[in-house]
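The numbers here are math on the coordinates, done by the rules we state, and not lab data. Worth saying up front: this structure is predicted, and the values here are computed from it rather than measured. As a convention, Cβ positions derive from the backbone with ideal geometry for all residues, glycine included, and neighbour counts pool all protein chains shown.
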Amino acid sequence: LAKTTQPISMDSYEGQEVNITCSHNNIATNDYITWYQQFPSQGPRFIIQGYKTKVTNEVASLFIPADRKSSTLSLPRVSLSDTAVYYCLVGRGNYGGSQGNLIFGKGTKLSVKP
Amino acid sequence: ETGVTQTPRHLVMGMTNKKSLKCEQHLGHNAMYWYKQSAKKPLELMFVYSLEERVENNSVPSRFSPECPNSSHLFLHLHTLQPEDSALYLCASSQEGQHSSTNYGYTFGSGTRLTVV
């Protein structure tokens, strides 16, 4: 499974856009990129998943360059409730194949200040 | 409510006790997982069940014993634990092997906070 590298922590203020970049230099052809959010004492929650280019949903956007060796999670206009740990994972997607076993790294601790 | 329910939410047990953690998923998924999250450490994958068969055991001590009686239920039986086993134990489920535009990633429960005294 491809290893991921992301910043340990980030600080932001309410109303700002936050971009968290993740490096995954050894990503395989059939790997998908998935981001999760985790609040203290809760399980991680799926945010967004993508394979290439750009994916957008009601919560975030995910930007993936052509070489797929990195990805950027973009959170528009963050609020205090977005303070959490964000995990970038790379593994086999479930489009017609096995999900694979997702391995979590240390994640990025985002602190949003008023 | 995520569709994955874990009980109990909190558990305090002595080192000589035997207890069980329960996980139930209402999502129709066919794979279930146990993760352990200790303070200031990444989530550690413990066990994987796919179609009710254990497909992975990541060198977990035998004092942890999983059981998956059907695709909706997963148990983690605990006996003679050590204080260092105190952690948040998370259950997750996913749908494996099918193309679906609505099944993304893993769905986690809220976890059981275990304290071994």
Tell me, in nm to one decimal, what length is gained between A:Asn57 and A:Ser9 on full extension, where the rule is 0.36 nm per residue of separation less the Cα-Cα distance?
14.9 nm
Over chain B, equivalent-ellipsoid semi-axes from the Cα gyration tensor in Å
25, 14, 13
When the charge dipole of chain A is computed with +1 at the Cβ of Lys and Arg and -1 at the Cβ of Asp and Glu, the Cα pointing farthest to the positive end, of A:Ser74, A:Thr29, A:Leu102, is that of A:Thr29
Ranked list, fewest to most other Cβ atoms within 10 Å of each Cβ, for B:His73, A:His24
B:His73, A:His24
Please quote Rg/Rh for the protein assembly as shown to two decimal places, taking the Kirkwood radius as Rh and restricting both calculations to Cα atoms.
0.97
For B:Cys23, B:Cys68, what ranking results if the residue with the fewest other Cβ atoms within 10 Å of its Cβ goes first?
B:Cys68, B:Cys23
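Mind putting a number on the dipole of chain B about its Cα centre? Charges go on the C-beta only, +1 for Lys and Arg and -1 for Asp and Glu, and I need it in Debye to the nearest 20.
Here chain B has a charge dipole of around 480 debye.
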Counting partner chain Cβ atoms within 10 Å of every residue's Cβ in B:38-51, what's the average?
2
Taking Cα pairs under 8 Å and at least six residues apart, what relative contact order does chain B come out at, in percent?
37 percent
Karplus-derived 3J(HN,Hα), 6.51/-1.76/1.60, for each residue of the stretch A:74-88, Hz, glycine and proline x
10, 10, x, 6, 5, 10, 4, 6, 7, 5, 5, 9, 10, 10, 9
Quick one: if you stick a label point 7 Å off each Cα along the C-beta vector at A:Arg77 and B:Leu27, how many nm between them?
2.9 nm
Report, in debye and to the nearest 20, how large the dipole of the protein assembly as shown comes out about its Cα centre when Lys and Arg carry +1 and Asp and Glu carry -1 on their Cβ.
420 debye
Residues whose modelled amide H sits under 5 Å from the amide H of A:Ile48, counting only those 5 or more places away in sequence or on another chain, are A:Trp35
Cysteines of chain B without any disulfide-compatible partner (other Cys Cβ under 4.7 Å) are B:Cys68
Distance between modelled label sites at B:Arg54 and A:Ser111, nm, 7 Å Cα→Cβ extension
4.2 nm
